[in-house]
Amino acid sequence: MAPAIDLVSEETLRTVVNALVRLVEAAGALVIFIGAVIGVWKFVVALPKRDPHAFVPVRLSLGRYLALGLEFQLASDVLRTAVAPTFEELAKLAAVAAIRTALNFFLAREIAEERRLVEESREPRGPDVRGLPDPRGAPEPG
Amino acid sequence: MTALLDGVAVTVVAAALLLGAAALLLTRDARAALAILLDLLLVAGLLHLSATAAWTAIATAALVVAIRKVVALGLEAGRSALAAAAAPPRRQG
């Protein structure tokens, strides 16, 4: 009978995957933290304008950082399934992954909606918006 | 790492409360203020969730997400109803 080839022991594999999980999860948390710092700063800058519409681009930016951080954290959840030994840990993992996936879905929808609002507000308006004729191109009456 | 993330999450909660209150005072727009508050509370919840995978942290994050969606839907419905009530009635015929 041929001996089983043991290239990597289970303990080593578990250690390596745990280190990777920590690394990827820390990257996600770092992205969320950086997004929070930038978001808070932009909110503070936008507050003196006293215009609720000024917050929309800030929320859009914060949402992008959150979505990116969530992608990293979902990657770490997937990695963790490789070494989760107990049913309790797997149940927690499933709950956390479900929350992060749902949140990512809603964030993507909100980002698309807010991006559409920002683009609509940036669109140039025609000369007849205020009901006034364009003095350059208007034909002479009579 | 866990203590650091928890500390950052608490700081973000404080920033959420301060900025939400400031936005409400300066803009008089409850929807914008609530959006800021809930966005930053969500950030704090996610940081807390990164720090501890306890059931309470999971439940808190899920609750913040649910509250965020319910409040957004409620405010949107309220705004639509107010806009419909403020619009002039259609003429028939």
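The values are calculated or read from the model by the stated rules, or taken from the named source; none is laboratory data. Being a predicted model, the structure only gives us computed values, none of them experimental. Counting neighbours? That spans all protein chains shown, and the Cβs are built from the backbone with ideal geometry, glycine included.
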| request: Say whether the condition of being surrounded by 13 or more Cβ atoms within 10 Å (Cβ to Cβ), more than 12 Å from chain B (Cβ to nearest Cβ), in contact with a helix residue (DSSP H, G or I) (Cβ under 9 Å, 6 or more places away or on another chain) and farther than 18 Å from B:A9 by Cβ is met by at least one residue in the stretch A:51-62. | output: yes
| field | Total residues in the stretch A:75-98, condition part of a helix (DSSP H, G or I), free of Cβ contacts under 8 Å to residues at least 40 places away in the same chain and within 12 Å of chain B (Cβ to nearest Cβ) | value | 12
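List the helices (runs of 4 or more DSSP H) inside the stretch B:1-91, counting only whole elements, that have at least 1 residues being under 13 Å from the mean Cα position of the chain (by Cα), within 11 Å of another protein chain (Cβ to nearest Cβ) and at pLDDT below 85.
B:30-51, B:55-86
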